[in-house]
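Take a look at the structure below.
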Amino acid sequence: MEFLVKIAREAEENTQVPAYPVSVEKVLKAVIATGDFWKIVDLCDEPLPLVAEILKLLNREGIVAFEGSQILLTEKGADFVKKLGIEPFVSHKCSCCNGRGVVIDGELKEAFEKFVEIQKNRPPAIHCYDQGYVTPENSFARVALADDRGDLRGKKICVLGDDDLMSIALALTGLPEKVTILEIDERLINFIKEVSDKYGLNIDARVHDLRQPLPKDVVGAYDTFFCDPPETVEAIKAFVGRGVATLKSERCAGYFGVTRRESSLDKWRKIQKVLLDMGLVITDLLHNFNEYVNWDYYEEMRGWQLTPVKEPPKEIWYKSTQFRVETVRGFKGFNEPIVGDIYNDAESSTT
Ligand SMILES: NCCCCN(CCCN)CCCN
(Lines give C-alpha, C1' and ligand atoms only; values in the text may rest on other atoms or scores of the structure.)
Protein backbone atom coordinates (compact mmCIF):
# COMPACT_ATOMS: atom_id res chain seq x y z
CA MET A 1 0.00 0.00 0.00
CA GLU A 2 2.81 2.44 0.85
CA PHE A 3 4.08 2.03 -2.74
CA LEU A 4 0.74 3.36 -4.05
CA VAL A 5 0.98 6.31 -1.61
CA LYS A 6 4.55 7.08 -2.76
CA ILE A 7 3.63 7.02 -6.47
CA ALA A 8 0.48 9.10 -5.88
CA ARG A 9 2.40 11.73 -3.93
CA GLU A 10 5.11 12.03 -6.58
CA ALA A 11 2.55 12.14 -9.41
CA GLU A 12 0.67 14.96 -7.68
CA GLU A 13 3.90 16.91 -7.13
CA ASN A 14 4.78 16.59 -10.82
CA THR A 15 1.34 17.43 -12.24
CA GLN A 16 -0.41 19.58 -9.58
CA VAL A 17 -3.42 17.27 -10.11
CA PRO A 18 -4.87 15.82 -6.84
CA ALA A 19 -3.75 12.15 -6.71
CA TYR A 20 -4.74 9.35 -4.35
CA PRO A 21 -3.48 5.75 -3.86
CA VAL A 22 -6.72 4.65 -5.56
CA SER A 23 -5.68 6.70 -8.63
CA VAL A 24 -2.58 4.48 -8.96
CA GLU A 25 -4.61 1.34 -8.28
CA LYS A 26 -7.09 2.25 -11.05
CA VAL A 27 -4.23 2.76 -13.54
CA LEU A 28 -2.96 -0.74 -12.69
CA LYS A 29 -6.49 -2.19 -13.02
CA ALA A 30 -6.75 -0.56 -16.46
CA VAL A 31 -3.33 -1.82 -17.64
CA ILE A 32 -4.47 -5.38 -16.82
CA ALA A 33 -7.39 -4.85 -19.25
CA THR A 34 -5.76 -2.91 -22.09
CA GLY A 35 -2.44 -1.66 -23.49
CA ASP A 36 -4.13 1.30 -25.26
CA PHE A 37 -3.35 4.61 -23.53
CA TRP A 38 -6.72 6.22 -24.39
CA LYS A 39 -8.67 3.17 -23.20
CA ILE A 40 -6.63 3.25 -19.95
CA VAL A 41 -7.65 6.90 -19.43
CA ASP A 42 -11.29 5.99 -20.22
CA LEU A 43 -11.33 3.09 -17.71
CA CYS A 44 -9.52 5.06 -14.96
CA ASP A 45 -11.90 8.04 -14.83
CA GLU A 46 -8.90 10.14 -13.70
CA PRO A 47 -7.57 13.28 -15.45
CA LEU A 48 -5.38 12.43 -18.46
CA PRO A 49 -2.31 14.35 -17.18
CA LEU A 50 -2.36 12.34 -13.93
CA VAL A 51 -2.77 8.99 -15.72
CA ALA A 52 0.15 9.80 -18.05
CA GLU A 53 2.39 10.75 -15.11
CA ILE A 54 1.47 7.65 -13.06
CA LEU A 55 2.30 5.44 -16.07
CA LYS A 56 5.71 7.15 -16.42
CA LEU A 57 6.49 6.58 -12.72
CA LEU A 58 5.34 2.93 -12.89
CA ASN A 59 7.62 2.53 -15.91
CA ARG A 60 10.55 3.96 -13.96
CA GLU A 61 9.77 1.48 -11.15
CA GLY A 62 9.79 -1.41 -13.65
CA ILE A 63 6.07 -2.18 -13.12
CA VAL A 64 4.90 -1.31 -16.68
CA ALA A 65 6.81 -1.29 -19.98
CA PHE A 66 6.20 0.80 -23.12
CA GLU A 67 6.58 -1.47 -26.14
CA GLY A 68 5.77 0.30 -29.43
CA SER A 69 2.24 1.61 -29.04
CA GLN A 70 1.41 -0.74 -26.15
CA ILE A 71 1.57 -0.23 -22.37
CA LEU A 72 2.15 -3.61 -20.69
CA LEU A 73 2.61 -5.02 -17.20
CA THR A 74 6.14 -6.39 -16.68
CA GLU A 75 6.82 -9.69 -14.91
CA LYS A 76 7.50 -7.65 -11.75
CA GLY A 77 4.26 -5.72 -12.38
CA ALA A 78 2.21 -8.91 -12.71
CA ASP A 79 3.59 -10.22 -9.39
CA PHE A 80 2.91 -6.84 -7.79
CA VAL A 81 -0.80 -6.65 -8.81
CA LYS A 82 -1.28 -10.27 -7.75
CA LYS A 83 0.31 -9.58 -4.33
CA LEU A 84 -1.95 -6.52 -3.86
CA GLY A 85 -5.00 -8.48 -5.07
CA ILE A 86 -5.73 -5.86 -7.78
CA GLU A 87 -8.51 -7.15 -10.09
CA PRO A 88 -9.53 -5.98 -13.60
CA PHE A 89 -12.51 -3.60 -14.01
CA VAL A 90 -15.95 -5.19 -14.48
CA SER A 91 -19.00 -3.56 -16.14
CA HIS A 92 -22.75 -4.24 -15.82
CA LYS A 93 -23.81 -1.41 -18.12
CA CYS A 94 -27.28 -1.91 -19.69
CA SER A 95 -26.80 -2.97 -23.32
CA CYS A 96 -30.29 -1.68 -24.26
CA CYS A 97 -29.94 2.00 -23.25
CA ASN A 98 -26.11 2.01 -23.14
CA GLY A 99 -26.31 3.21 -19.54
CA ARG A 100 -28.23 6.39 -20.40
CA GLY A 101 -31.58 5.38 -18.91
CA VAL A 102 -33.44 6.65 -22.00
CA VAL A 103 -33.96 5.36 -25.58
CA ILE A 104 -34.75 7.23 -28.82
CA ASP A 105 -38.19 5.78 -29.56
CA GLY A 106 -41.71 6.83 -30.57
CA GLU A 107 -42.06 10.19 -32.27
CA LEU A 108 -38.36 10.98 -31.70
CA LYS A 109 -37.22 8.25 -34.08
CA GLU A 110 -38.20 9.99 -37.32
CA ALA A 111 -36.60 13.29 -36.25
CA PHE A 112 -33.46 11.36 -35.23
CA GLU A 113 -33.13 9.74 -38.65
CA LYS A 114 -33.39 13.18 -40.32
CA PHE A 115 -30.75 14.51 -37.89
CA VAL A 116 -28.29 11.72 -38.75
CA GLU A 117 -28.48 12.77 -42.42
CA ILE A 118 -28.29 16.53 -41.74
CA GLN A 119 -25.27 16.34 -39.39
CA LYS A 120 -23.18 14.55 -42.04
CA ASN A 121 -22.32 17.99 -43.48
CA ARG A 122 -21.50 19.59 -40.12
CA PRO A 123 -18.41 21.82 -39.77
CA PRO A 124 -15.49 19.85 -38.21
CA ALA A 125 -14.55 20.44 -34.54
CA ILE A 126 -11.84 23.09 -34.19
CA HIS A 127 -9.20 23.44 -31.47
CA CYS A 128 -9.47 27.14 -30.67
CA TYR A 129 -12.93 26.81 -29.15
CA ASP A 130 -12.21 23.48 -27.39
CA GLN A 131 -14.82 21.88 -29.67
CA GLY A 132 -15.50 18.19 -29.55
CA TYR A 133 -18.98 17.03 -30.55
CA VAL A 134 -20.90 14.05 -29.24
CA THR A 135 -22.29 11.30 -31.49
CA PRO A 136 -25.61 12.09 -33.25
CA GLU A 137 -27.28 9.37 -31.18
CA ASN A 138 -25.97 11.11 -28.04
CA SER A 139 -27.38 14.51 -29.07
CA PHE A 140 -30.75 12.82 -29.47
CA ALA A 141 -30.44 10.91 -26.20
CA ARG A 142 -30.19 14.34 -24.55
CA VAL A 143 -33.45 15.31 -26.33
CA ALA A 144 -35.07 12.09 -25.06
CA LEU A 145 -33.81 12.78 -21.52
CA ALA A 146 -35.25 16.32 -21.53
CA ASP A 147 -38.59 15.04 -22.89
CA ASP A 148 -38.62 12.25 -20.30
CA ARG A 149 -38.17 14.87 -17.53
CA GLY A 150 -40.89 17.16 -19.00
CA ASP A 151 -38.44 19.87 -20.05
CA LEU A 152 -39.18 19.87 -23.80
CA ARG A 153 -42.84 20.05 -25.00
CA GLY A 154 -44.12 23.62 -25.39
CA LYS A 155 -40.96 24.97 -23.74
CA LYS A 156 -38.68 27.86 -24.75
CA ILE A 157 -35.16 26.41 -24.94
CA CYS A 158 -31.81 28.25 -24.99
CA VAL A 159 -28.66 26.42 -26.18
CA LEU A 160 -25.36 28.05 -25.14
CA GLY A 161 -22.60 26.82 -27.45
CA ASP A 162 -23.62 24.20 -29.98
CA ASP A 163 -20.99 22.09 -31.71
CA ASP A 164 -23.25 19.20 -30.68
CA LEU A 165 -26.02 20.67 -32.90
CA MET A 166 -28.56 20.38 -30.07
CA SER A 167 -30.53 23.32 -31.52
CA ILE A 168 -31.18 21.32 -34.71
CA ALA A 169 -31.98 18.09 -32.85
CA LEU A 170 -34.45 19.87 -30.54
CA ALA A 171 -36.15 21.85 -33.36
CA LEU A 172 -36.49 18.76 -35.62
CA THR A 173 -38.84 17.18 -33.05
CA GLY A 174 -41.24 20.12 -33.42
CA LEU A 175 -41.90 19.81 -29.67
CA PRO A 176 -40.34 22.99 -28.15
CA GLU A 177 -42.18 26.31 -28.54
CA LYS A 178 -38.91 28.12 -29.37
CA VAL A 179 -35.20 27.27 -29.76
CA THR A 180 -32.49 29.95 -29.43
CA ILE A 181 -28.77 29.22 -29.96
CA LEU A 182 -25.89 31.48 -28.90
CA GLU A 183 -22.57 30.31 -30.39
CA ILE A 184 -19.20 32.05 -30.89
CA ASP A 185 -18.31 30.03 -34.03
CA GLU A 186 -19.76 31.68 -37.17
CA ARG A 187 -19.30 28.45 -39.18
CA LEU A 188 -21.75 26.69 -36.85
CA ILE A 189 -24.26 29.57 -36.86
CA ASN A 190 -24.21 29.66 -40.68
CA PHE A 191 -24.72 25.88 -40.83
CA ILE A 192 -27.57 25.97 -38.28
CA LYS A 193 -29.26 28.89 -40.13
CA GLU A 194 -28.97 27.04 -43.46
CA VAL A 195 -30.56 23.89 -41.99
CA SER A 196 -33.23 25.93 -40.18
CA ASP A 197 -34.21 27.67 -43.43
CA LYS A 198 -34.16 24.45 -45.46
CA TYR A 199 -36.31 22.47 -42.99
CA GLY A 200 -38.46 25.39 -41.79
CA LEU A 201 -37.22 24.97 -38.17
CA ASN A 202 -37.43 28.65 -37.25
CA ILE A 203 -34.31 28.47 -35.04
CA ASP A 204 -33.24 31.81 -33.52
CA ALA A 205 -29.47 31.51 -34.17
CA ARG A 206 -27.05 34.26 -33.11
CA VAL A 207 -23.26 34.65 -33.07
CA HIS A 208 -22.39 35.46 -29.44
CA ASP A 209 -19.24 35.17 -27.30
CA LEU A 210 -20.45 33.75 -23.99
CA ARG A 211 -17.66 35.57 -22.17
CA GLN A 212 -19.82 38.66 -22.79
CA PRO A 213 -23.16 39.20 -21.00
CA LEU A 214 -26.25 37.75 -22.68
CA PRO A 215 -28.35 39.78 -25.17
CA LYS A 216 -31.07 41.59 -23.15
CA ASP A 217 -34.04 39.76 -24.72
CA VAL A 218 -32.55 36.37 -23.68
CA VAL A 219 -32.32 37.12 -19.94
CA GLY A 220 -35.07 35.47 -17.89
CA ALA A 221 -36.99 34.33 -20.99
CA TYR A 222 -36.51 30.52 -21.22
CA ASP A 223 -37.76 27.36 -19.53
CA THR A 224 -34.79 25.03 -20.23
CA PHE A 225 -31.11 25.49 -21.21
CA PHE A 226 -28.43 23.20 -22.67
CA CYS A 227 -24.67 23.76 -22.73
CA ASP A 228 -21.47 21.65 -22.70
CA PRO A 229 -18.76 23.91 -21.28
CA PRO A 230 -14.96 23.58 -21.36
CA GLU A 231 -13.70 21.92 -18.18
CA THR A 232 -12.56 24.79 -15.98
CA VAL A 233 -14.50 26.11 -13.00
CA GLU A 234 -14.47 29.50 -14.75
CA ALA A 235 -16.04 28.01 -17.89
CA ILE A 236 -18.75 26.26 -15.84
CA LYS A 237 -19.52 29.57 -14.11
CA ALA A 238 -19.63 31.34 -17.49
CA PHE A 239 -21.73 28.81 -19.44
CA VAL A 240 -23.96 27.36 -16.70
CA GLY A 241 -24.23 30.74 -14.96
CA ARG A 242 -25.39 32.29 -18.22
CA GLY A 243 -27.76 29.36 -18.76
CA VAL A 244 -29.35 30.03 -15.38
CA ALA A 245 -29.60 33.73 -16.28
CA THR A 246 -31.78 32.77 -19.28
CA LEU A 247 -34.34 30.97 -17.06
CA LYS A 248 -37.78 32.45 -16.30
CA SER A 249 -38.33 31.22 -12.77
CA GLU A 250 -37.84 28.55 -10.11
CA ARG A 251 -38.28 24.90 -11.14
CA CYS A 252 -36.71 25.37 -14.58
CA ALA A 253 -34.09 22.86 -15.83
CA GLY A 254 -30.56 22.97 -17.23
CA TYR A 255 -28.48 20.22 -18.92
CA PHE A 256 -24.69 20.03 -19.38
CA GLY A 257 -21.75 17.59 -19.30
CA VAL A 258 -18.87 17.42 -16.82
CA THR A 259 -16.03 15.01 -17.59
CA ARG A 260 -13.57 12.98 -15.50
CA ARG A 261 -11.04 13.10 -18.39
CA GLU A 262 -10.09 16.69 -17.53
CA SER A 263 -11.53 17.12 -14.03
CA SER A 264 -10.51 15.44 -10.78
CA LEU A 265 -13.14 14.77 -8.11
CA ASP A 266 -11.55 17.63 -6.17
CA LYS A 267 -12.46 19.93 -9.07
CA TRP A 268 -15.91 18.28 -9.25
CA ARG A 269 -16.41 19.33 -5.64
CA LYS A 270 -15.63 22.95 -6.54
CA ILE A 271 -17.95 22.74 -9.57
CA GLN A 272 -20.81 21.28 -7.53
CA LYS A 273 -20.36 24.01 -4.91
CA VAL A 274 -20.62 26.67 -7.67
CA LEU A 275 -23.87 25.01 -8.81
CA LEU A 276 -25.37 24.92 -5.29
CA ASP A 277 -24.31 28.54 -4.72
CA MET A 278 -26.29 29.51 -7.86
CA GLY A 279 -29.42 28.11 -6.18
CA LEU A 280 -29.46 24.92 -8.26
CA VAL A 281 -30.29 21.40 -7.20
CA ILE A 282 -28.52 18.54 -9.04
CA THR A 283 -31.37 16.14 -9.85
CA ASP A 284 -29.55 13.72 -12.23
CA LEU A 285 -25.94 12.63 -12.76
CA LEU A 286 -25.65 10.11 -15.61
CA HIS A 287 -22.11 8.65 -15.79
CA ASN A 288 -20.59 8.45 -19.33
CA PHE A 289 -23.91 9.57 -20.85
CA ASN A 290 -21.93 11.73 -23.31
CA GLU A 291 -19.48 10.18 -25.81
CA TYR A 292 -17.36 12.56 -27.92
CA VAL A 293 -16.31 11.70 -31.47
CA ASN A 294 -12.51 11.83 -31.76
CA TRP A 295 -11.50 15.22 -33.15
CA ASP A 296 -8.74 15.48 -35.76
CA TYR A 297 -6.68 18.13 -33.93
CA TYR A 298 -5.49 15.58 -31.29
CA GLU A 299 -1.79 16.18 -32.12
CA GLU A 300 -2.19 19.88 -31.22
CA MET A 301 -3.71 19.26 -27.79
CA ARG A 302 -1.65 19.28 -24.58
CA GLY A 303 -2.64 15.69 -23.83
CA TRP A 304 -0.73 14.43 -26.88
CA GLN A 305 2.56 15.82 -25.49
CA LEU A 306 1.87 13.97 -22.23
CA THR A 307 1.08 10.49 -23.62
CA PRO A 308 3.86 7.94 -22.86
CA VAL A 309 3.27 6.24 -26.25
CA LYS A 310 2.37 8.12 -29.45
CA GLU A 311 -0.62 6.31 -30.90
CA PRO A 312 -3.77 8.13 -32.18
CA PRO A 313 -7.03 7.28 -30.34
CA LYS A 314 -9.10 4.68 -32.24
CA GLU A 315 -12.29 4.25 -30.22
CA ILE A 316 -14.25 6.92 -28.33
CA TRP A 317 -12.34 7.59 -25.10
CA TYR A 318 -13.54 11.08 -24.10
CA LYS A 319 -16.83 10.85 -22.17
CA SER A 320 -18.69 13.02 -19.71
CA THR A 321 -21.38 12.74 -17.07
CA GLN A 322 -24.67 14.40 -18.00
CA PHE A 323 -25.93 16.75 -15.29
CA ARG A 324 -29.56 17.83 -14.96
CA VAL A 325 -30.05 20.79 -12.59
CA GLU A 326 -33.22 22.59 -11.51
CA THR A 327 -33.67 26.10 -10.05
CA VAL A 328 -35.29 26.58 -6.64
CA ARG A 329 -36.15 29.69 -4.59
CA GLY A 330 -33.22 32.12 -4.38
CA PHE A 331 -31.52 30.99 -7.59
CA LYS A 332 -29.36 33.54 -9.41
CA GLY A 333 -27.60 33.36 -12.75
CA PHE A 334 -24.25 34.89 -13.67
CA ASN A 335 -24.30 37.51 -16.36
CA GLU A 336 -21.14 39.57 -15.76
CA PRO A 337 -18.33 39.80 -18.36
CA ILE A 338 -15.77 36.98 -18.04
CA VAL A 339 -12.11 37.90 -18.36
CA GLY A 340 -9.15 35.53 -18.41
CA ASP A 341 -8.58 32.01 -19.66
CA ILE A 342 -11.66 29.79 -19.48
CA TYR A 343 -10.04 26.90 -21.37
CA ASN A 344 -6.92 25.80 -19.44
CA ASP A 345 -6.00 24.60 -15.95
CA ALA A 346 -3.62 21.95 -14.50
CA GLU A 347 -6.13 19.19 -15.22
CA SER A 348 -7.20 20.12 -18.75
CA SER A 349 -5.51 18.30 -21.62
CA THR A 350 -7.64 18.53 -24.75
CA THR A 351 -7.22 22.26 -25.22
N1 LIG B 1 -11.52 19.47 -26.60
C2 LIG B 1 -12.24 18.31 -27.02
C3 LIG B 1 -13.25 17.83 -26.01
C4 LIG B 1 -14.00 18.97 -25.43
C5 LIG B 1 -15.26 18.56 -24.74
N6 LIG B 1 -15.71 19.79 -24.08
C7 LIG B 1 -16.61 20.59 -24.88
C8 LIG B 1 -17.61 19.75 -25.59
C9 LIG B 1 -18.57 20.52 -26.46
N10 LIG B 1 -19.45 19.63 -27.10
C11 LIG B 1 -16.12 19.59 -22.71
C12 LIG B 1 -16.99 18.41 -22.51
C13 LIG B 1 -17.54 18.27 -21.09
N14 LIG B 1 -18.00 19.52 -20.55
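Does LYS29 satisfy being closer than 23 Å to ILE316 by Cβ and surrounded by 15 or more Cβ atoms within 10 Å (Cβ to Cβ)? Judged against the criteria, LYS29 is a match. Out of ARG187, ARG206, one residue alone is part of a strand (DSSP E or B), open to solvent by 30 Å² or more (accessible area, probe 1.4 Å), assigned by the TED database to the domain that holds ARG261 and not aliphatic (A, V, I, L, M). It is ARG206.
For the stretch 237-245, the count of residues that are at pLDDT below 95, open to solvent by less than 10 Å² (accessible area, probe 1.4 Å) and out of contact with any helix residue (DSSP H, G or I) (no Cβ under 6 Å at 6 or more places or on another chain) is at least one. Cβ-Cβ below 7 Å, separation at least six or inter-chain, first residue in the stretch 231-258 and among the acidic types (Asp, Glu), second more than 11 Å from the ligand (Cβ to nearest atom): which pairs? If the second residue must be more than 11 Å from the ligand (Cβ to nearest atom), the pairs left are GLU234/ILE338; GLU234/GLY340; GLU234/ILE342; GLU250/THR327; GLU250/VAL328; GLU250/ARG329; GLU250/PHE331.
What residue, of LEU43, LEU57, LEU50, is assigned by the TED database to the domain that holds PRO21, at pLDDT 95 or above and more than 19 Å from the chain's Cα centre (by Cα)? Quick ask: steps written out before the conclusion?
On the way: LEU43 fails: more than 19 Å from the chain's Cα centre (by Cα); LEU50 fails: more than 19 Å from the chain's Cα centre (by Cα).
After ruling out the rest, the residue left standing is LEU57.
All conditions in (1) more than 25 Å from GLN212 (Cα to Cα); (2) open to solvent by 30 Å² or more (accessible area, probe 1.4 Å) hold for LYS332, with the sole exception of (1). When residues in the stretch 263-296 are screened for being open to solvent by less than 10 Å² (accessible area, probe 1.4 Å) and either touching a His at 6+ places or on another chain (Cβ under 8 Å) or among the polar types (S, T, N, Q) (or both), 3 of them pass. Taking the conditions (1) farther than 17 Å from LYS237 by Cβ; (2) away from the ligand (no atom under 14 Å from the Cβ) in turn, MET278 satisfies each one other than (1).
Select, from ASP223, ASP228, the only residue that is away from the ligand (no atom under 16 Å from the Cβ) and either of a type in the set (Asp, Glu) or under 18 Å from SER167 (Cβ atoms) (or both). Talk me through it step by step, then tell me what you get.
Numbers: ASP228 fails: away from the ligand (no atom under 16 Å from the Cβ).
Criteria check complete, one pass: ASP223.
Go through LEU152, LEU165 for me and flag whichever is in the same structural domain as ARG242 (by the TED database), of a type in the set (A, V, I, L, M, F, W, C) and closer than 21 Å to GLU231 by Cβ. Only one candidate qualifies: LEU165. Scanning the stretch 253-309 for residues that are part of a loop (DSSP other than H, G, I, E, B) and under 14 Å from the mean Cα position of the chain (by Cα) yields ARG260, ARG261, GLU262, SER263, SER264, VAL293, ASN294, TRP295. Are any of the residues in the stretch 117-138 among the charged types (D, E, K, R) and away from the ligand (no atom under 16 Å from the Cβ)? Yes - at least one qualifying residue is present in the stretch 117-138.
Consider the stretch 310-329 and keep the residues that are surrounded by 14 or more Cβ atoms within 10 Å (Cβ to Cβ), closer than 28 Å to GLY150 by Cα and more than 15 Å from the ligand (Cβ to nearest atom). The one that is farthest from the chain's Cα centre (by Cα) is THR327.
The values are calculated or read from the model by the stated rules, or taken from the named source; none is laboratory data. Here the structure is a predicted model, which is why all the values come from computation and not from measurement. As a convention, Cβ positions derive from the backbone with ideal geometry for all residues, glycine included, and neighbour counts pool all protein chains shown. Note: accessible area is taken over every heavy atom of the protein model, side chains too, but ligands, DNA and RNA are not part of it. Shrake-Rupley method; radii C 1.70, N 1.55, O 1.52, S 1.80 Å.
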